[in-house]
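The values are calculated or read from the model by the stated rules, or taken from the named source; none is laboratory data. Since the structure is predicted, the reported quantities are computational estimates derived from the model, not experimental observations. We place every Cβ from the backbone using ideal geometry, glycine too, and count neighbours over all the protein chains shown.
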Amino acid sequence: MGTIIASLLGGGLFGIFGWQYLSPESIVDNLDKTFNKLNDIIQGAVDLVTNPIDSMEGIWDVVSSVHNAILPMGYSLLTLFFLLGFMNKSLSFRIIRIEDIIRLILKMIIAKAVMEKSFELLNMVYGIATDLILKVDFSVASIKIVDTAALAEQIDKMNFIERIVFQTQFTPISIVSFILNLMVFVICYGRIVEICIFTAVSPIPIATLSSEEYAGTAKGFFRHYFAICLHGLIIVIICMIFGGLAQTLIGAADTSDFGVGMSISLSIMLIYVLSKSESWARQIMGAH
């Protein structure tokens with residue numbers, strides 16, 4: 001339990017009660033974990049948003065089973081919307097041309113083909129988004145906010161009390177960093193669950209493609225799904241932008257307080273921006 005608490009608080013509070021955590025090497029290591037692990041956060045986000053869903057056998061088996069169970073309902077809705085479209089044409093008090101009938105039949109055939117292949121189609125879209133995210137990630141350079149090696153000599157000259165004060169002042173940053181890690185984890189896995197749900201129930205909204213009146217439902221469904229896939233890219237871009245801001249602002253901070261307030265402010269800002277990332281993805285794709 002002591003190890004978990006020390007990891008959570010970056011060694012801040014725990015270091016007060018353990019001599020071994022007040023050595024210059026331990027303090028530098030704690031500071032490095034607190035400030036310079038943004039690459040780990042970005043890589044963790046990339047791993048989560050690019051992880052092939054079909055590799056999660058437990059989740060993907062459920063999605064596949066639900067999709068296959070809903071598919072017959074999709075056929076029924078497809079037929080219903082076709083009949084409604086035909087009735088609307090018949091009750092429009094105008095002569096039904098053969099072109100109108102052919103157009104309705106073609107819509108139903110196309111909708112049926114898309115619905116039957118929706119599982120593979122949505123998985124292909126997810127794969128394209130994953131490849132795009134990986135290409136962006138390849139350009140990420142190592143993000144080092146604080147040069148902890150330069151502090152080793154300074155810390156070595158401190159006495160016991162000074163080391164305690166120096167160590168504990170970074171505890172708030174460690175807590176915020178932990179919350180940030182947890183939030184990235186929750187948001188990324190929430191996105192995975194959302195993709196699974198959309199894929200599982202896809203036959204129902206796609207069935208509306210056979211209807212002129214309700215085809216907007218299927219179009220809106222695809223826009224929302226594209227937005228979910230884009231959400232992963234936005235998460236990675238946000239983390240990269242945050243890294244650049246952190247390097248610029250914290251590097252220019254007053255060395256007396258080591259940019260503690262700036263670090264906390266940036267981390268809180270990142271938490272807020274990540275919470276808005278999903279709505280931004282929907283706005284970009286026009287899915288409200």
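For ILE173, the criteria (1) over 12 Å from the mean Cα position of the chain (by Cα); (2) within 20 Å of ILE128 (Cα to Cα) hold in every case but one, which is (2).
Among the residues of segment 34-87, none is identified as buried (at least 18 other Cβ atoms within 10 Å of the Cβ), of a type in the set (S, T, N, Q) and more than 24 Å from the chain's Cα centre (by Cα). Pairs meeting the criteria (first residue in segment 272-283 and in a helix (DSSP H, G or I), second residue not aliphatic (A, V, I, L, M), beta carbons under 8 Å, at least 6 apart or on different chains) are VAL273/PHE242; SER277/HIS231; GLU278/ARG191; GLU278/HIS231; ALA281/HIS231; ARG282/HIS224; ARG282/HIS288.
When residues of segment 156-183 are filtered for being under 23 Å from ASP40 (Cβ atoms) and either in contact with a Pro (Cβ under 7 Å, 6 or more places away or on another chain) or aliphatic (A, V, I, L, M) (or both), how many remain?
Step one: list which residues in segment 156-183 are under 23 Å from ASP40 (Cβ atoms), which gives 167, 169-183.
Keeping just the survivors that are either in contact with a Pro (Cβ under 7 Å, 6 or more places away or on another chain) or aliphatic (A, V, I, L, M) (or both) gives 173, 175-176, 179-180, 182-183.
Total meeting the criteria: 7.
To keep it simple, each residue is scored yes or no on (1) of a type in the set (Lys, Arg); (2) surrounded by fewer than 20 Cβ atoms within 10 Å (Cβ to Cβ); (3) at pLDDT 80 or above.
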position: PHE160; (1), (2), (3): no, yes, no
position: SER174; (1), (2), (3): no, no, no
position: ARG191; (1), (2), (3): yes, no, yes
position: PRO203; (1), (2), (3): no, no, yes
position: SER210; (1), (2), (3): no, no, yes
position: GLU213; (1), (2), (3): no, yes, yes
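Evaluate segment 236-246: report whether one residue or more is over 13 Å from the mean Cα position of the chain (by Cα), at pLDDT 80 or above and loosely packed, with under 15 Cβ neighbours inside 10 Å. Looking through segment 236-246, at least one residue is over 13 Å from the mean Cα position of the chain (by Cα), at pLDDT 80 or above and loosely packed, with under 15 Cβ neighbours inside 10 Å. Contact annotation: residue pairs with Cβ atoms under 7 Å, 6 or more positions apart or on different chains, pairing a residue in segment 68-92 that is touching a residue at least 12 places away in the same chain (Cβ under 8 Å) with a partner that is of a type in the set (A, V, I, L, M) and surrounded by fewer than 16 Cβ atoms within 10 Å (Cβ to Cβ), are LYS89/ILE96.
In segment 61-86, the qualifying residues are those that are over 15 Å from GLU120 (Cα atoms) and among the polar types (S, T, N, Q), and the one that is modelled with the lowest pLDDT is THR79.
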